[in-house]
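Working notes for the structure below.
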């Protein structure tokens with residue numbers, strides 16, 4: 001439940017007070033209303049403004065994308081995606097026919113927190129090469 005003093009002004013609401021005194025015949029009401037999601041919406045707006053679209057991993061709708069350098073690694077990339085999904089991460093695989101550079105750029109524009117790159121050496125080692133949203137290369141890590 002909220003008391004709202006601004007909406008009556010915006011809607012130009014007044015009521016008759018019944019007073020005979022000049023200038024006091026009408027008064028501005030105070031609105032009482034229920035706002036189930038008001039505080040949640042305000043908090044979400046604050047988070048949106050604070051993070052500017054670069055959501056932290058725990059809140060991000062796009063946490064990880066697996067990017068194969070060549071189509072021959074698509075199946076391995078899908079296995080990596082499934083392992084991440086099993087661990088409750090939101091993960092995608094970019095199996096488009098775009099160039100590798102375009103795939104990386106698309107992932108950056110989409111604000112994925114991490115890009116897992118799979119090339120021949122990563123495929124042979126059962127690993128992925130991790131880069132962050134800021135294009136910082138973290139190195140090669142085994143997929144377990």
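Yes or no, residue by residue, for (1) free of Cβ contacts under 8 Å to residues at least 60 places away in the same chain; (2) at negative phi; (3) not in a strand (DSSP E or B):
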site	(1), (2), (3)
9	yes, yes, yes
12	yes, no, yes
24	yes, yes, yes
39	yes, yes, yes
43	yes, yes, yes
58	yes, yes, yes
73	yes, yes, yes
108	yes, yes, yes
115	yes, yes, no
Residue 137 vs. criteria at pLDDT below 95 and more than 17 Å from residue 63 (Cβ to Cβ): yes
What about residue 20, is it farther than 30 Å from residue 85 by Cβ and out of contact with any strand residue (DSSP E or B) (no Cβ under 8 Å at 6 or more places or on another chain)? yes
Output yes when any residue across the range 81-104 is surrounded by 12 or more Cβ atoms within 10 Å (Cβ to Cβ), touching a residue at least 40 places away in the same chain (Cβ under 8 Å), over 30 Å from residue 2 (Cβ atoms) and touching a strand residue (DSSP E or B) at 6+ places or on another chain (Cβ under 8 Å), and no when none is. no
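The values are calculated or read from the model by the stated rules, or taken from the named source; none is laboratory data. All figures in this text were calculated on a predicted structure; none of them were measured in a lab. FYI the Cβ positions are ideal-geometry reconstructions off the backbone, even for glycines, and counts take in every protein chain you see.
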